[in-house]
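These notes are about the structure you will find just below.
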Amino acid sequence: MGFLPVESKGATSHTEHYIALWNGGWIAALIVGVITWALMLWCIVAYRRRKNDRGLPVQMRYNMPVEIFYTIVPIVLVVGFFFHNVDAMDKTIYDETEPEEVIEVYGKQWAWDFNYVTQDAHYAGVQANLDGTEQPGEDAPTLYLPADTDVQLKLESRDVIHSFWVPAFLEKRDMIPGRSSTINLRPLAEGDYVGKCAELCGEFHSEMIFNVSVVPYDEYVAYTDGLKEQGNEGVLGDEYNRTDWYKNPYEQEGDEH
């Protein structure tokens, strides 16, 4: 896994694509590095100045085979990286799989609201108060996701720019006021994960943490039913946004552009 979180392997339908791109990039870079180091060492040894050498060696302006080699090889590498990047992006960032569950995630200073749109339930998060122990993390807002189910996460902000990041999922998205972004994925590995805001969003940015619980679908439905029984039926919309300062002052009323 290199520098990637161990729990990323098999975590979602996207993580394997990111891991393959990451590992492939490192392998290609190491191969190029080994060849380059070997050629450098060979030149240092083969063309070193010897005891009986006099004057300067024969001076050459260029070497056509070498010129062709270091022109073609980088082009091949760039084209290869481009192809694999586009392929990974098509399967992850631009994943348009029809979701079975839609969940809205609102970032706010300094907590999270989760709207389980398909289940018509919501959870209003409260800021975690860090005290130097792991305990506050247990009380942080928790996002429930159904395992082996296609999910769309609709990301919104209520005030300033935030960033939704679950390190184990190997994905994050900025949450910009007035704009929506989405992540379509399928959670695969049941378990608990940690998440956080990855954009400096004010004084208590460090306390804007949350948990993610990937559970069986039946348990997910039972959780959302429990929210409705607690009075959390329906969704929390834009009416709870703090300001509308992000609106374009030059935008004409009724102009969608």
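Here are a few things to note about the model shown:
- Of the residues making up the range 112-135, just one is without any contact (Cβ under 8 Å) to a residue 40 or more places away in the chain, over 16 Å from residue 193 (Cβ atoms) and not in a loop (DSSP other than H, G, I, E, B), namely 135.
- Evaluation of residue 55 against the conditions (1) among the small types (Gly, Ala, Ser); (2) closer than 24 Å to residue 186 by Cα; (3) not in a helix (DSSP H, G or I) shows that the sole unmet condition is (2).
- Residue 73 meets all of the listed conditions (1) β-branched (Val, Ile, Thr); (2) assigned to a helix (DSSP H, G or I); (3) within 30 Å of residue 204 (Cβ to Cβ) but one, namely (3).
- When 80, 33 are checked against the criterion of being under 30 Å from residue 187 (Cα atoms), among the small types (Gly, Ala, Ser) and either modelled with pLDDT of 90 or more or under 27 Å from the mean Cα position of the chain (by Cα) (or both), 80 stands alone in meeting it.
- If you go through the range 1-49 and keep only what is outside any helix (DSSP H, G or I), exposed (fewer than 12 other Cβ atoms within 10 Å of the Cβ) and aliphatic (A, V, I, L, M), you end up with just 1.
- Residues that are over 19 Å from residue 122 (Cβ atoms) and not in a loop (DSSP other than H, G, I, E, B) within the range 190-216 comprise 191, 192, 193, 194, 196, 197, 205, 206, 207, 209, 214, listed in sequence order.
- Residues that are out of contact with any Gly (no Cβ under 8 Å at 6 or more places or on another chain), in contact (Cβ under 8 Å) with a residue 40 or more places away in the chain and in a loop (DSSP other than H, G, I, E, B), drawn from the range 94-111: 95, 96, 97, 98, 99, 100
- Pair list, Cβ < 8 Å and 6+ apart or interchain, from the range 1-23 residues that are at positive phi to residues that are of a type in the set (Asp, Glu): 10/16
- Per the listing 170, 155, the residue uniquely buried (at least 20 other Cβ atoms within 10 Å of the Cβ), of a type in the set (A, V, I, L, M) and closer than 23 Å to residue 1 by Cβ is 170.
Every residue, every condition in (1) at pLDDT below 95; (2) buried (at least 18 other Cβ atoms within 10 Å of the Cβ), yes or no:
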site: 179; (1), (2): yes, no
site: 190; (1), (2): no, no
site: 215; (1), (2): no, yes
site: 242; (1), (2): yes, no
site: 256; (1), (2): yes, no
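- Residue within the range 223-237 that is at pLDDT 95 or above, aliphatic (A, V, I, L, M) and touching a helix residue (DSSP H, G or I) at 6+ places or on another chain (Cβ under 9 Å) present: no
Yes/no per residue for (1) hydrophobic (A, V, I, L, M, F, W, C); (2) at pLDDT below 95:
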{"site": "99", "(1), (2)": "no, no"}
{"site": "119", "(1), (2)": "no, no"}
{"site": "149", "(1), (2)": "no, no"}
{"site": "185", "(1), (2)": "yes, no"}
{"site": "198", "(1), (2)": "yes, no"}
{"site": "207", "(1), (2)": "no, yes"}
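- Every condition in (1) within 28 Å of residue 179 (Cβ to Cβ); (2) assigned by TED's automatic domain parsing to the domain that holds residue 174; (3) aliphatic (A, V, I, L, M); (4) surrounded by fewer than 17 Cβ atoms within 10 Å (Cβ to Cβ) holds for residue 86 except the one numbered (2).
The values are calculated or read from the model by the stated rules, or taken from the named source; none is laboratory data. Just so we're clear, the structure is a prediction, and the values are computed from it rather than from any experiment. Positions of Cβ are generated from backbone atoms using ideal geometry, with glycine treated the same way; all protein chains shown enter the neighbour counts.
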